[in-house]
Amino acid sequence: MPRWRQLVPSAWVAGLVTGAPITAAPAGEWRLFEIGFGAAEAFARGHIPGAGYIDTAQLERAPLWNKVPDAELKQLLLGHGIRHDVTVVLYSRNSLAAARAAHLLRYAGVVDVRLLDGGFAAWTGAGLAVAQGLPQTYDAAADFGAAFPGRPFRGSPNT
């Protein structure tokens, strides 16, 4: 499958989380996040072990659901320890949420962004472990380590 490294199966994420050897493992630091909209309670009831949580309302603004201003996006990413060179693996209960977040991370300049193919349903369908409770937190990053945004949209009013 072309570009499979961006769309990864549950077994790959399970290997990453448990430290098992996996093909195309991240070269350095990595982060795992569930992306949801107002779903913090659902996350607390069950999520992939080691996952953080990002609400899409932190990435986009109503009523048109356009991305937040660059300064806000940068602060959000830094607050979650995300730099341009940190591999970020995303999943959601609604795959569209993770895909939209991945698009914004790529816009920001994060080099390696991957999506769990099938999202949380694929994880639970594979019978993999589910954790409960609060999201994983990461130390904030001091800087993004590269120009921000790294891949700006042409003509975007929010850049």
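For the range 33-52, give me the residue count where each residue is within 14 Å of residue 116 (Cβ to Cβ) and in a loop (DSSP other than H, G, I, E, B). Looking only at that region, the number is 4.
Determine whether residue 93 is of a type in the set (Lys, Arg), closer than 18 Å to residue 125 by Cα, free of Cβ contacts under 8 Å to residues at least 60 places away in the same chain and surrounded by 14 or more Cβ atoms within 10 Å (Cβ to Cβ). When the stated conditions are applied, residue 93 passes them. Going through (1) farther than 23 Å from residue 143 by Cα; (2) surrounded by fewer than 22 Cβ atoms within 10 Å (Cβ to Cβ) one by one, residue 48 falls short only on (2). Residues in the range 112-159 that are basic (Lys, Arg) and not in a strand (DSSP E or B) were compared, and the one that is modelled with the lowest pLDDT is 154. All of (1) of a type outside the set (Phe, Trp, Tyr); (2) at pLDDT 95 or above; (3) over 21 Å from residue 126 (Cα atoms) hold for residue 61 with one exception: (2). Remark: pairs (first residue in the range 60-81, under 15 Å from residue 35 (Cα atoms); second residue surrounded by fewer than 16 Cβ atoms within 10 Å (Cβ to Cβ) and among the aliphatic types (A, V, I, L, M); Cβ separation under 8 Å; 6+ apart in sequence or on different chains) = 80/140. Scanning the range 81-129 for residues that are over 17 Å from residue 13 (Cβ atoms) and touching a Phe, Trp or Tyr at 6+ places or on another chain (Cβ under 7 Å) turns up 81, 83, 84, 107, 108, 109.
Any residue in the range 25-32 that is more than 18 Å from residue 85 (Cβ to Cβ) and assigned to a loop (DSSP other than H, G, I, E, B)? Checked the range 25-32: no residue is more than 18 Å from residue 85 (Cβ to Cβ) and assigned to a loop (DSSP other than H, G, I, E, B). Contact map, the range 2-31: first residue of a type in the set (Phe, Trp, Tyr), second residue surrounded by 14 or more Cβ atoms within 10 Å (Cβ to Cβ) and in a strand (DSSP E or B), Cβ cut-off under 7 Å, separation 6 or more or different chains; pairs are 30/87; 30/89.
The values are calculated or read from the model by the stated rules, or taken from the named source; none is laboratory data. Computed from a predicted structure; not experimentally measured. Note that we place each Cβ from the backbone using ideal geometry, even for glycine, and neighbour counts take in every protein chain shown.
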